Amino acid sequence: MNTYTKIFKLTRDNFSEVIGECAEIIKKGGTVAIPTETVYGLAANALDPIAVNRIFHAKGRPADNPLIVHVASIEQLEQLVSEVPPKALSLIEAFWPGPLTLILKRTEIVPDITTGGLDTVAVRMPADIVAQELISLSGKHLAAPSANISGRPSPTTASHVLHDLEGKIDAVIDAGNTRIGVESTVIDMSREKPAILRPGYISAAKIEEIIGEVDINYNEHDTGALGVVRSPGMKYTHYSPAATVLLLEGPHDLVSNKVREMYADFTCRGARVGLLVTSNDLFSLTNDVVYLGRKDEPEEVARNLFLGLRSLDERGVNIIIADGSFTHDGVGAAVMNRLRKASEMIIKL
C-alpha cells in the first residue's frame, strides 16, 4: 500500500506536463485516478495483471467483478476483441467517444483478472480529453472502474477520490467536476440479441434507434445460469453512502408530502435526517438538504446525485430520504437505477 498520493491540479499551462508524468506512472504499473465525462476512474494498465490487482486492492473490489477497459482508438479495441459485430460497429460510429460500454468476445491478450474470468471484455472510448490523452501518451489500454471504495457512491470530484483512496493510489488528476455524473451505459454485444445490462447517459431508446430492439436487464442479482457477473454493477451493493437511504417513488406532490411526514417522524425519534430532493419547498425543513435538480431535468439530477449522497454523508446524517419523483426518461433511468441500488428501502406512493 502507498503512503502518499500525488495530487495534480490540472490547468491549461501544466496539461502536457501532468499527462506526461501520469503516463509514466501508468507505464511503471501504477494507479492514477482520472476524470472522465461520467465519473472519476481509477486507471491502470489493463493488460498488466499486477497493475490491475492494485486497482482491486485499493478499492476493496471483489475479484469476480469485471472491469471496463478504456481505449483511445479502434486499433486498440481490435487488439482486445476477437470480432466487432456489425451492430456493435454501428453503435461505435454513433456514440464513441462517449459514455457507452460494449461487451464483446475477448482475445487472449486480456488477462483473466481484468475480465473476472469471463470470455468477454467490456470496452469503451471515453470522450474526456484527459482520459484520451493519458491513454494515447502511455500507449496502454486502461482499466478504470470508478475511483472509490467498492460499494460507495461514485466520485465526481477529485476530493471524493481522495476521501476514499488517499494513501492507497499513486496519483489523482484534479480537473474539476465531471460533466455527466453517472457511469456509462453497458450493453452486451456478445450474445445473439444485444442486452443493456446497466443504464447510463445513453438511453435504451437512443440505442434502439441505431440497432433496433434490445433486451433490457437491470436486475443487479441476475448473474446468469452459471452465477457469473456479466457486467460491472450487476451483483454487489453499489453507490451506498454510510447513511441509510430511503427512496420515495411516485407523483411529485405525494412524494413531497411524504418527505415532510417521514422527516418529522424520524427527527422526533432522535435521528439526524438528510434530504435529497427536487423541490425547493422542502428547504425550510432542515439545513441538511441537497437539491438534486428540477424533476423534469434528468441530466441535472444525474450531475448532482453522487455529489448529494456524499455531501449528506459528510454532514453526518443517519438517514437520507431521497426524492424519486423526477422523470425516468433518458438518463433518469440511470439515476433511478443507482438510487434503487443505494437504498435500503423503496417506498412507492
In whole angstrom, how long is each semi-axis of the equivalent ellipsoid of the chain, when you take the square root of 5 times every eigenvalue of its Cα gyration tensor and sort them from largest down?
33, 24, 18
Check cross-link reach from residue 6 to the aspartates and glutamates: straight Cα distance under 15 Å, and skip same-chain residues fewer than eight apart.
17, 21, 24, 164, 166, 170, 174
Just to confirm my numbers, what's the Cα centroid distance between segment 131-155 and segment 61-106 in Å?
15 Å
Per residue of segment 131-136, what does 6.51 cos²θ - 1.76 cosθ + 1.60 with θ = phi - 60° give for ³J(HN,Hα)? Whole Hz please, x for Gly and Pro, Karplus curve as stated.
4, 4, 5, 5, 4, 5
Along each principal axis of its Cα atoms, how long is segment 257-313 end to end? Whole angstroms, biggest number first, please.
35, 23, 15
Running a GNM on the chain with Cα contacts under 10 Å, which residue among 304, 14, 53 ends up with the highest mean-square fluctuation?
14
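Counting other Cβ atoms within 10 Å, which trypsin sites (Lys or Arg not before Pro) in segment 162-224 have at most 13 and lie in a DSSP loop?
Qualifying residues, ordered by number: 191.
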GNM, the chain, Cα, under 10 Å: largest mean-square fluctuation among 58, 23, 94?
94
Give me 345, 336, 262, 189 ranked fewest to most by other Cβ atoms within 10 Å of their Cβ, as a rough exposure proxy.
345, 262, 336, 189
Residues of type lysines that residue 140 reaches as a straight line, Cα spacing below 16 Å, ignoring anything fewer than 8 places off in the same chain:
27, 28
Under a GNM of the chain (C-alpha, springs under 10 Å), which listed residue has the highest mean-square fluctuation: 311, 82, 284?
284
Restricting to lysines and to Cα separations under 24 Å from residue 348, and discarding same-chain partners fewer than 8 apart, the set is 235, 258, 295
Amide proton proximity set for residue 347, modelled H, under 5 Å, gap of 5+
247, 248, 249
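Fewest first, what order do 299, 17, 75 take by the number of other Cβ atoms within 10 Å?
Placing the least packed residue first, the sequence is 75, 17, 299.
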Globularity ratio of segment 244-348, using Cα Rg and 2.2 N^0.38 Å:
0.95
HN-Hα J couplings of segment 294-311 from phi, Karplus 6.51/-1.76/1.60, θ = phi - 60°, integer Hz, Gly and Pro as x?
6, 5, 9, 10, x, 5, 5, 4, 4, 5, 9, 4, 5, 4, x, 4, 5, 4
With n ≥ 4 as the cut-off for DSSP H runs, can you work out [θ] at 222 nm for the chain, using -39500 (n - 2.57) per run divided by the number of residues, rounded to the nearest 500?
-10000 deg cm²/dmol
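Each reported figure results from applying straightforward, stated rules to the coordinates on display, with no laboratory input. Because the structure is predicted, anything quoted here is derived from the model rather than measured. Ideal geometry is used to build each Cβ from the backbone, glycine not excepted, and the neighbour counts take in all protein chains shown.
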